[in-house]
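This report concerns only the one structure given below.
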Amino acid sequence: METSALQKARAAYQPKLPRGLQGAVKVKEGKPTQSVGNQEEIRALFPNTYGMPIVEFEPAAETDTKAMNVGIILSGGQAPGGHNVITGLFDQIKKLNPANRLYGFILGPGGLVDHNYMELTADIIDRYRNTGGFDMIGSGRTKLEKVEQFEKGLEIIRQLDIKAIVIIGGDDSNTNACVLAEYYAAKNYGVQVIGCPKTIDGDLKNEQIETSFGFDTACKTYSELIGNIERDCNSARKYWHFIKVMGRSASHIALECALETQPNICLVSEEVEQKEQSLDDIVDYIAQTVADRAADGNNFGTVIIPEGLIEFIPAIKKLIAQLNDVLATPEAQGLTSDEQIAFVKSHISAENLSTFQSLPESVARQLALDRDPHGNVQVSLIETEKLLSSMVASRLAAWKKEGRYVGKFSAQHHFFGYEGRCAAPSNFDADYCYALGTSAAQLIANGKTGYMAVVKNTTAPAEEWIAGGVPITMMMNMERRNGEMKPVIRKALVELDGKPFKAFAAKRTEWARQTCYVYPGPIQYWGPAEVCDQPTRTLSLEQSRQ
């Protein structure tokens, strides 16, 4: 495999570890925990893994550790730093006992079920230190939720003498990790399951998880691109750039990129929902900003749009909820696309049918057709940026006839998605992920299962971070998925009374009318800490004590 000069230099970077993980550790246990919601239902579903304490690692004298083989799974979409979770896990289990082995299951959870694996040796591990992507073993979206899957996985676990499985994933994947942990615990199989918090979307966080890995790098990658576009925009001064960024279930990426680059407009899905805005309301808001800037002679600007915006418009959200239930019924299976459209039209309420028929045909069809493996609308396939710009153009044309608008409007469109998922990790993500992998190894060595590895105090220097584990059940509540109530990890949405949104809201009126662009430039790996090691604005604001 050819390697670039950067990759060779980055391979030599030794991630920084919290003091509590730099040698032997002992476990400090907190009080028993309970789930964030639906306590009785969650306790009943997870009797063997509910109520466990939060744990932290502290330095200790050297201790002997029995040999233990470990399996690792990458689940769901890619996020920068995944390879460092694996390298941190590998280095720590070898440090605990050189006889320990690490097995990677190929292409996600399906690799466990299908017995598709490879042993990860030092030669393989060394090629992937501090690199982006999940290409060491690949990822997949198979959901681990059926007894036959658990039992089939157990066969290869026994064959390889694996003591524990580590699942690196987002909220759905970690929910599945908890279900697997509960099943193996209930059966007394002696197999531990540990999760790690991964998603660039930033919506896997709570009081215990300060940030999900990959968010830092992805936002810095997107912000560089947005800054480049803003500079081009301010140079040509003739285009409005509509930029969609990833974030189906929450607007954390859009908000972070706005804080980094100061665009003229950034839409926040959670605010749209709270204010019960319609598609027309959003179009009016953008068109008015375009008109105001045109009055100043500025026929250019930038708009950041979160990927999942369409799902947060209340009328459309209500429509999608009923569509999900209708499409989950047996009668809706196996239909052609045209039959499926006709089927949903005849099975939704009059109010939802009115909303459905008011949408452009391409958007309506996308809402009514295929779902992803988790049953979600594939909003990334809906070109929201083009939909909004075309509606804004129509609104401005009408205003021009009325004398309300005197400018010129020409739009360019961008969607930044895959560009950020496999970038080389920032120093923050390289360090954070290595610490998560090391924590996962220590959770296994200390007999824990049904836990997620966590690292806290992350706005301090890495040596002062606090590593440990949190019971996954602590983060769960019951939600409707595919027409039935299921236990899931509660997603973290943008809090409109939180410090990051308030910092944005305080400035957006100024940014809308003025040209206040900031150009962050590329991620820096070497140099002063204030340039190379800074966390996201979101994390800094959330963790600030002011």
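The values are calculated or read from the model by the stated rules, or taken from the named source; none is laboratory data. Note that the structure is a prediction, hence the values are computed from the model and not measured. Neighbour counts are summed over all protein chains in view; Cβ atoms, including those assigned to glycine, are modelled from backbone coordinates with ideal geometry. When the accessible area is computed, the model is the full protein with side chains, heavy atoms only, and any ligands, DNA or RNA have been set aside. Shrake-Rupley method; radii C 1.70, N 1.55, O 1.52, S 1.80 Å.
Right, Thr289: crowded, with 18+ Cβ neighbours inside 10 Å, at pLDDT 95 or above and part of a helix (DSSP H, G or I) or not? Yes, satisfied. Could you list, in sequence order, the residues of the stretch 245-268 that are open to solvent by 10 Å² or more (accessible area, probe 1.4 Å), under 14 Å from Thr536 (Cβ atoms) and hydrophobic (A, V, I, L, M, F, W, C)? Across the stretch 245-268, the qualifying residue is only Leu259.
Residues that are out of contact with any Asp or Glu (no Cβ under 7 Å at 6 or more places or on another chain), surrounded by 17 or more Cβ atoms within 10 Å (Cβ to Cβ) and closer than 30 Å to Glu419 by Cβ: does the stretch 42-61 have at least one? No, because not a single residue in the stretch 42-61 is out of contact with any Asp or Glu (no Cβ under 7 Å at 6 or more places or on another chain), surrounded by 17 or more Cβ atoms within 10 Å (Cβ to Cβ) and closer than 30 Å to Glu419 by Cβ.
When Glu510, Glu542 are checked against the criterion of being on the phi < 0 side of the Ramachandran plot and surrounded by fewer than 17 Cβ atoms within 10 Å (Cβ to Cβ), a single residue qualifies: Glu510.
Only residues that are assigned to a loop (DSSP other than H, G, I, E, B), over 17 Å from Phe415 (Cβ atoms) and either under 18 Å from the mean Cα position of the chain (by Cα) or of a type in the set (S, T, N, Q) (or both): list them for the stretch 250-283, please.
Ala250, Gln262, Asn264, Val268, Gln277, Ser278
Candidates Arg490, Arg480: the one that is within 19 Å of the chain's Cα centre (by Cα) and open to solvent by 50 Å² or more (accessible area, probe 1.4 Å) is Arg490.
Per-residue answers, yes or no, for (1) free of Cβ contacts under 8 Å to residues at least 60 places away in the same chain; (2) among the basic types (Lys, Arg); (3) under 30 Å from Ser544 (Cβ atoms):
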position	(1), (2), (3)
Glu385	no, no, no
Arg395	no, yes, no
Gly407	no, no, no
His414	no, no, no
Ser439	no, no, yes
Gln442	no, no, yes
Lys448	no, yes, no
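Would it be correct to say that Asn298 is more than 21 Å from the chain's Cα centre (by Cα), closer than 20 Å to Arg404 by Cβ, open to solvent by less than 10 Å² (accessible area, probe 1.4 Å) and at pLDDT 95 or above? For Asn298, the condition - more than 21 Å from the chain's Cα centre (by Cα), closer than 20 Å to Arg404 by Cβ, open to solvent by less than 10 Å² (accessible area, probe 1.4 Å) and at pLDDT 95 or above - is not met. Scanning the stretch 186-206 turns up one or more residues that are in contact (Cβ under 8 Å) with a residue 24 or more places away in the chain, assigned to a helix (DSSP H, G or I) and open to solvent by 20 Å² or more (accessible area, probe 1.4 Å).
Tell me which residues, restricted to the stretch 133-176, are of a type in the set (Gly, Ala, Ser) and either open to solvent by 20 Å² or more (accessible area, probe 1.4 Å) or part of a helix (DSSP H, G or I) (or both).
Ser139, Gly153, Ser173
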